[in-house]
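Scroll down for the structure; my scribbles are underneath it.
The values are calculated or read from the model by the stated rules, or taken from the named source; none is laboratory data. On a predicted model such as this, the values are computed, not experimentally measured, just so you know. Don't worry about glycine lacking a Cβ; one is built from the backbone with ideal geometry, like all the others, and counts go over all protein chains shown.
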Amino acid sequence: MSDLRPAMETLERIRTRLEAAVAGAELEVVANGAVAAQGSLRVDAAHAVAVARFLRDDAQLQLDYCSNVTGVDWLDRVVRTTVRTRRVIDGLERELEQTTEHTVPGYLEAVYHLYSVALRHGPLVLRQRTADRADGARVASLTPVWRSAEFQEREVYDLFGVVFEGHPDLRRILMWDEFRDHPMRKDYVEPDDYEYEPTPHDEVLAKARRHYAGAGGDRA
Amino acid sequence: MKHTPGWGLLKGLFETARNFVGSYYQPGRLTTIEYPDERLPVQENFRNFPMLIYDGADPERGLRCVGCKICEKECPPQCIYIVLERDRSGKVQKRPRLFDIDVSVCMSCQICVEVCPFDAIKMNTEYELSTGDRFGALLLRKAELAKPNEYYRRLHPTEAAEVDARLAAAAQAKAAAQAKEQAKLTAKPAKPAWSTQP
Amino acid sequence: MRAQAGDLEMRGAFAAEPHGGGGRSAGSDAGWGAGAGHEWVRPAEPVGRLEGEWLEVAMGPHHPSTHGVFRMNVALEGERIRKLKPVFGYLHRNHEKIAEGTTYLGSMPYTDRLDYFCSLTNNWAYALAVETLAGLGVPERAEYLRVITGELTRLLNHACLVGFLLHDMGTMGTPLMYAFREREKILDLFEALTGARMMCNYLRFGGCRVDVPAGWLAGAQRVVDEFPRFLDEFENLLTTNEIVLARSQGVGVLSGALAVNAGITGPMLRASGVNYDLRKVDRYGIYDRFNFRVPLGEHGDVYDRYMVRILEMRESVKILAQALKDLPPGPILDPKSKLRGFRPRAGEAYGRIEAPKGELGFYLISDGSVRPYRYRVRPPSLINLTVLEELCLGHTVADAVIVLGSVDIVLGEVDR
Ligand code: SF4
Ligand code: SF4
């Protein structure tokens with residue numbers, strides 16, 4: 001399948017060329033554990049637009065088509081590392097295990113899948129990360145480079161709460177304007193005001209009862 | 001393509017006329033039927049909502065379902081609800097006391113049928129289920145879901161034949177294994193198991 | 001009732017702009033760059049505007065002509081469209097969140113409900129993404145069955161879309177009913193094969209669910225053989241109809257460069273003359289074995305979009321004839337695939353196919369559990385609407401309706 005397609009440069013080479021072309025850009029090749037092992041390129045928000053322009057206009061790449069834009073929510077993770085040390089205690093050498101815990105702060109990610117219509121290769125996966133998971137975490141908008149990101153970035157803003165700086169029309173797209181939360185975040189708590197009707201599911205029923213407790217409780 | 005003005009319109013009208021006249025005698029152009037009076041035959045593979053299969057005459061005792069709850073767990077919209085039977089001492093029985101399917105939620109995806117290891121749940125083809133009672137009548141209980149195996153054979157003959165053959169083979173294998181075990185036990189009652197090697 | 005997104009913003013934009021004045025409104029143009037290279041530039045307001053007020057009309061959510069609950073907020077000057085903002089979300093059910101809460105297999109029936117005209121191609125795109133993620137193979141026969149059902153889906157989608165489009169132009173149902181008549185035959189085939197007419201839920205990771213029943217292939221062959229006759233009839237009916245030509249030629253013109261930049265895919269992209277068909281580019285499945293051509297448009301207007309679809313149906317008939325002839329015997333499911341407890345290795349994958357409406361992609365991230373960590377649908381219908389405003393500016397309201405019709409959207413997929 002993929003062998004028939006003209007091959008794209010390796011990510012490492014693209015990275016080297018990008019570093020030469022865009023001064024100061026922080027780039028990182030992110031590995032992918034799946035069978036396809038399709039890596040991706042992480043770029044810092046400050047240089048994202050310049051990098052994107054390069055990827056689009058470079059003669060060898062010509063990634064003129066941004067197919068898919070989406071967000072990913074990575075929660076805070078607790079990483080346990082166990083260090084084994086050998087130490088001499090009371091004249092005997094012993095192995096000691098020391099477990100340290102530290103929290104890797106979570107972040108939101110915007111992922112772009114780029115293809116070239118002109119050269120028929122791809123995809124190149126481009127990622128931008130926010131500093132944290134706070135409301136209004138920022139990345140750069142790539143809509144000025146690829147128009148196709150317009151609605152999709154709006155969607156990421158709507159559902160994940162990532163603010164795209166430089167987006168021409170950043171509004172909610174699927175949820176209504178008064179909606180407060182971002183439903184695709186992993187820690188989103190769904191509302192409990194279900195339409196109350198008998199269902200075989202205890203949890204739903206219990207939730208609905210709780211919500212309607214003030215309003216008379218059981219439907220009888 | 002150059003053509004006389006008006007010609008395209010006339011061609012189109014001719015086509016409409018052909019279809020109109022044809023709709024009186026060409027079966028390929030007669031596509032509608034008068035539904036409640038006439039009915040199209042139901043295709044064999046058609047599926048609507050699930051039903052539970054029982055063998056024999058008693059829907060309670062013959063029910064194939066052993067209440068393993070696999071279907072309840074795998075059902076994507078979570079519309080199956082199973083409570084297991086308990087005997088007097090509170091021990092869980094291999095039989096569902098309640099088996100409800102909320103067909104106002106069920107999306108006829110057939111995943112429950114595919115995951116059931118006991119061929120106990122199959123798809124019904126009944127489609128005239130509209131009712132005025134939105135809350136009660138759309139929650140099908142075990143009694144409404146239970147259908148005899150003959151009914152299933154009538155709906156899906158090919159599939160049912162396969163299932164019957166499979167179940168019969170399994171039953172036979174089980175019986176054979178049991179008989180063997182029995183024979184072994186009676187033939188060499190005193191010998192311990194490890195010494196039966198050739 | 002919920003308040004509609006867009007109202008306030010639109011009013012704001014109008015207030016900032018003096019009535020009757022030319023020039024571009026400052027607010028909405030800020031981010032578009034200065035138009036270097038082939039960068040997209042918002043077109044300047046057309047000149048020759050009348051003195052007077054603009055009228056803001058909400059077209060929809062029910063009317064825009066049979067395409068579902070979708071709203072276009074338009075600003076009209078007389079009958080000309082001066083601004084247009086699409087409003088989405090009426091059918092939003094957060095498909096992605098549901099999928100992240102269920103197993104990989106559990107999402108398969110939900111994908112039927114994205115673009116409910118084309119459940120089999122939706123299944124295929126999802127299956128392809130999961131197969132890429134988990135490294136599953138697909139047996140030969142299953143690949144053929146996928147092509148057969150996928151191309152039948154393309155036939156019924158395009159037939160209906162053309163019917164809807166002509167309905168939008170005012171043919172009042174006649175071609176639509178002819179198209180539905182043909183669709184019915186294909187739906188009967190689907191029902192006999194998968195058990196459901198629209199929500200087929202037919203593919204499994206690494207193959208298909210059931211093999212074809214006896215006599216099905218002969219039935220499919222008959223439908224395929226008869227289809228060109230329907231196409232001829234259809235073309236006789238309307239392809240050279242003077243009213244259709246007058247209504248659709250030169251309306252809603254989309255340039256190839258903008259189409260690529262805006263991520264337009266499918267027949268709409270090819271109608272603008274860009275040769276990009278994933279069946280040829282990615283050659284997913286076994287599409288490299290079939291002999292077919294990719295029809296391209298020249299002008300990128302509504303008429304070309306209509307024509308490209310008609311021609312694509314003819315190509316699909318060719319593919320179907322080849323696939324039905326070559327269908328090999330054999331298993332239909334990869335022995336490595338399993339229904340329950342399916343846990344792909346942690347990692348991510350993006351799989352895409354050429355669905356009838358454009359590039360349908362699924363982006364999956366696995367964390368090694370039975371549920372996907374992230375599940376994303378790339379909906380062609382939504383992204384093809386990106387340029388709706390450009391296509392409609394300066395045209396009349398009636399033209400906006402047919403431009404929307406020519407985009408080919410299904411709201412189940414736009415809003416997800
Ligand atoms: S129907 Fe089948 S899967 Fe469901 S509980 Fe009964 S035996 Fe188990
Ligand atoms: S058909 Fe699908 S939705 Fe209905 S009960 Fe079975 S698994 Fe659940």
TODO: Return the pairs, sorted by first residue and then second, in which the second residue is small (G, A, S) and assigned to a loop (DSSP other than H, G, I, E, B), the first residue lies in segment C:112-139 and is away from chain A (no Cβ under 14 Å), the beta carbons are less than 7 Å apart, and the residues are 6+ apart or on different chains.
DONE: C:P139/C:G330
Task: Check on C:P228, within 10 Å of chain B (Cβ to nearest Cβ), assigned to a helix (DSSP H, G or I) and either within 22 Å of C:K357 (Cα to Cα) or of a type in the set (K, R) (or both) - done: no
Open item on the list: I'd like to verify a number: residues in segment B:25-36 that are in a loop (DSSP other than H, G, I, E, B) and more than 11 Å from chain C (Cβ to nearest Cβ), how many?
Closed with: 5
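Residues checked against (1) modelled with pLDDT of 85 or more; (2) more than 30 Å from C:W54 (Cβ to Cβ):
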{"position": "C:I319", "(1), (2)": "yes, yes"}
{"position": "C:Q322", "(1), (2)": "yes, yes"}
{"position": "C:D334", "(1), (2)": "no, yes"}
{"position": "C:S381", "(1), (2)": "yes, no"}
{"position": "C:L388", "(1), (2)": "yes, no"}
Open item on the list: Against the condition away from ligand 1 (no atom under 16 Å from the Cβ), exposed (fewer than 15 other Cβ atoms within 10 Å of the Cβ) and not in a loop (DSSP other than H, G, I, E, B), how does B:G22 come out, does it pass?
Closed with: yes
TODO: Kindly indicate whether A:P123 is within 15 Å of the chain's Cα centre (by Cα) and surrounded by 10 or more Cβ atoms within 10 Å (Cβ to Cβ).
DONE: no
Open item on the list: Restricting to segment B:106-128, count the residues that are over 10 Å from the mean Cα position of the chain (by Cα) and within 9 Å of ligand 1 (Cβ to nearest atom).
Closed with: 4
TODO: Looking for whichever is closer than 20 Å to C:V87 by Cβ and either more than 7 Å from chain C (Cβ to nearest Cβ) or buried (at least 20 other Cβ atoms within 10 Å of the Cβ) (or both) here; the options are A:R154, A:R171, A:R138. Which one fits?
DONE: A:R154
Open item on the list: Tell me yes or no: at least one residue of segment C:156-170 is surrounded by fewer than 24 Cβ atoms within 10 Å (Cβ to Cβ) and more than 30 Å from C:T240 (Cα to Cα).
Closed with: no
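Residue under question is A:V35, and the condition is that it be at pLDDT 85 or above and surrounded by 14 or more Cβ atoms within 10 Å (Cβ to Cβ); does it hold?
Numbers: at pLDDT 85 or above: no; surrounded by 14 or more Cβ atoms within 10 Å (Cβ to Cβ): yes.
Against the criterion (at pLDDT 85 or above and surrounded by 14 or more Cβ atoms within 10 Å (Cβ to Cβ)), A:V35 does not qualify.
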Task: Criterion: farther than 30 Å from C:I353 by Cα, of a type outside the set (A, V, I, L, M) and at pLDDT 80 or above - qualifying residue of A:T81, A:T100, A:T85, A:T16 - done: A:T16
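Which of the residues spanning segment B:38-68 are within 17 Å of the chain's Cα centre (by Cα) and more than 15 Å from ligand 1 (Cβ to nearest atom)? Step through it out loud before you land on a result.
Within segment B:38-68, the subset within 17 Å of the chain's Cα centre (by Cα) is B:42-55, B:59, B:62-67.
Once the filter is applied, which keeps residues that are within 17 Å of the chain's Cα centre (by Cα) and more than 15 Å from ligand 1 (Cβ to nearest atom), segment B:38-68 yields B:V42, B:Q43, B:E44, B:N45, B:F46, B:R47, B:N48.
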- [ ] Select from segment C:362-416 the residues that are touching a Ser or Thr at 6+ places or on another chain (Cβ under 8 Å), surrounded by fewer than 20 Cβ atoms within 10 Å (Cβ to Cβ) and of a type in the set (V, I, T) and list them in ascending order.
- [x] C:V370
Open item on the list: When you scan segment B:37-51, do you find a residue that is outside any loop (DSSP other than H, G, I, E, B), within 16 Å of ligand 2 (Cβ to nearest atom) and crowded, with 16+ Cβ neighbours inside 10 Å, even just one?
Closed with: yes
- [ ] Give the residue, chosen from A:V83, A:V69, A:V78, that is aliphatic (A, V, I, L, M), facing chain C (nearest Cβ under 9 Å) and part of a strand (DSSP E or B).
- [x] A:V69
- [ ] State all residues of segment B:74-104 that are hydrophobic (A, V, I, L, M, F, W, C) and away from ligand 2 (no atom under 15 Å from the Cβ); if no residue qualifies, say none.
- [x] B:V83, B:L84, B:V92
Task: Test: residue in segment B:53-68 that is surrounded by fewer than 16 Cβ atoms within 10 Å (Cβ to Cβ) and within 16 Å of ligand 2 (Cβ to nearest atom) - done: no
- [ ] Say whether the condition of being of a type in the set (D, E), away from chain A (no Cβ under 14 Å) and under 21 Å from the mean Cα position of the chain (by Cα) is met by at least one residue in segment C:78-98.
- [x] no
TODO: Mind telling me which of the residues A:E28, A:E95 ends up being part of a strand (DSSP E or B), away from every other protein chain (no Cβ under 14 Å) and within 26 Å of A:V145 (Cβ to Cβ)?
DONE: A:E28
Task: Test: B:C71 is surrounded by 18 or more Cβ atoms within 10 Å (Cβ to Cβ), more than 14 Å from chain A (Cβ to nearest Cβ), modelled with pLDDT of 85 or more and within 12 Å of ligand 1 (Cβ to nearest atom) - done: no
Open item on the list: Consider segment B:74-105. How many of its residues are within 14 Å of ligand 1 (Cβ to nearest atom), away from chain A (no Cβ under 14 Å) and acidic (D, E)?
Closed with: 2
